[in-house]
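The values are calculated or read from the model by the stated rules, or taken from the named source; none is laboratory data. All of these numbers come straight from a predicted model, not from anything done at the bench. With ideal geometry, Cβ positions are generated from the backbone for all residues, glycine too; neighbour counts draw on all protein chains shown.
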């Protein structure tokens with residue numbers, strides 16, 4: 001499994017924070033079980049958002065796209081004095 005990118009971590013973390021605050025405000029729960037359930041649901045939602053964010057495409061180099069090396073002009077220097 002590839003490592004998550006910085007964007008995936010940022011979007012997932014922001015989703016967890018905002019989803020937790022929104023669900024706590026909307027449900028008005030005060031019990032420990034309710035807060036724990038909301039926290040687990042927010043973590044699951046954040047993980048879902050982070051993993052569905054598209055990963056950057058890997059760049060593949062084919063033989064046709066590789067440029068041949070540019071020949072370097074060599075000059076013979078004489079050591080005449």
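Could you list, in sequence order, all residues of the stretch 25-40 that are surrounded by 14 or more Cβ atoms within 10 Å (Cβ to Cβ) and within 17 Å of residue 13 (Cβ to Cβ)?
Answer for the stretch 25-40, where residues must be surrounded by 14 or more Cβ atoms within 10 Å (Cβ to Cβ) and within 17 Å of residue 13 (Cβ to Cβ): 38, 39.
For residues in the stretch 12-24 being buried (at least 17 other Cβ atoms within 10 Å of the Cβ) and either at pLDDT below 90 or closer than 14 Å to residue 48 by Cβ (or both), which is nearest to the chain's Cα centre (by Cα)?
Of the residues in the stretch 12-24, the ones buried (at least 17 other Cβ atoms within 10 Å of the Cβ) are 12, 15-16, 19-20, 23.
Okay, now just the ones that are also either at pLDDT below 90 or closer than 14 Å to residue 48 by Cβ (or both), so 12, 15-16, 19.
Numbers: 12: 10, 15: 14, 16: 16, 19: 20 Å.
Once the filter is applied, the top-ranked residue is 12.
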